[in-house]
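To keep things clear, I will list the structure first and then write my remarks on it.
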Amino acid sequence: YVRPSTPARADAAKALRPVLVALLGGEADMLAHRERPWASATFTGARHYWTFAVTGEQHRAWAQRLEASLPEQEFTLRGHLVADALVTDYRAETLEDGRDATIITLEILTLEED
């Protein structure tokens, strides 16, 4: 069961999307996003799962660069911190419209700032 997003978690997802598209080279279509509430003894937040189709001439190179750089990427999100970010999967695929793409899946943990 996944609870509907609270405004704070929705804001994190809304703020992250354009940043992720830019990191993917600007030619990325979001295929899916889901999130789960996350909490520890001292923090609350959400674990986000994103799937993008990256197209364009350099789609494979962008996915490889993102896989290498995402864990060290600095994010600036109002009201949120990114505690963990990683590429969990990427694969080459031909989209329904015939374009070659790399399908990339990301997992990002955001924490709400006080």
**Complete:** Cβ-Cβ cut-off under 13 Å around LEU24, Lys and Arg +1, Asp and Glu -1: the net charge is 0
**Asked** Which net charge results when you count Lys and Arg as +1 and Asp and Glu as -1 among the other residues whose beta-carbon is under 14 Å from that of THR51?
**Response** -2
**Item:** the chain - mean residue ellipticity at 222 nm from DSSP helices (-39,500 (n - 2.57) per run, n ≥ 4, rounded to 500)
**Value:** -8000 deg cm²/dmol
**Request:** Give the relative contact order (percent, whole number) for the chain; include only Cα pairs under 8 Å separated by 6+ residues.
**Result:** 28 percent
**Fill in**
Note on the chain: alpha-carbon gyration tensor, axes a ≥ b ≥ c; rule is a/c under 1.5 for rounded, else prolate if a/b larger than b/c, else oblate; result prolate
**Asked** Looking only at GLU96, GLU72, GLU27, which one moves most when the chain is put into a Gaussian network model with springs between Cα atoms under 10 Å?
**Response** GLU96
**Request:** Would you mind checking the tilt of helix 59-69 against the longest principal axis of the Cα atoms of the chain, expressed as 0 to 90 degrees and rounded to 10?
**Result:** 30 degrees
**Asked** Which value, in debye to the nearest 20, describes the size of the charge dipole of region 4-114 about its Cα centre when Lys and Arg Cβ atoms bear +1, Asp and Glu Cβ atoms bear -1, and nothing else is charged?
**Response** 200 debye
**Fill in**
In degrees, nearest 10, the alpha-carbon axis of helix 7-23 is tilted away from the dominant principal axis of the alpha carbons of the chain by 30 degrees
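Every number in this text was worked out from the coordinates using simple rules, so none of it is lab data. On a predicted model such as this, the values are computed, not experimentally measured, just so you know. Every residue, glycine among them, receives a Cβ derived from its backbone with ideal geometry; neighbour counts consider all protein chains shown.
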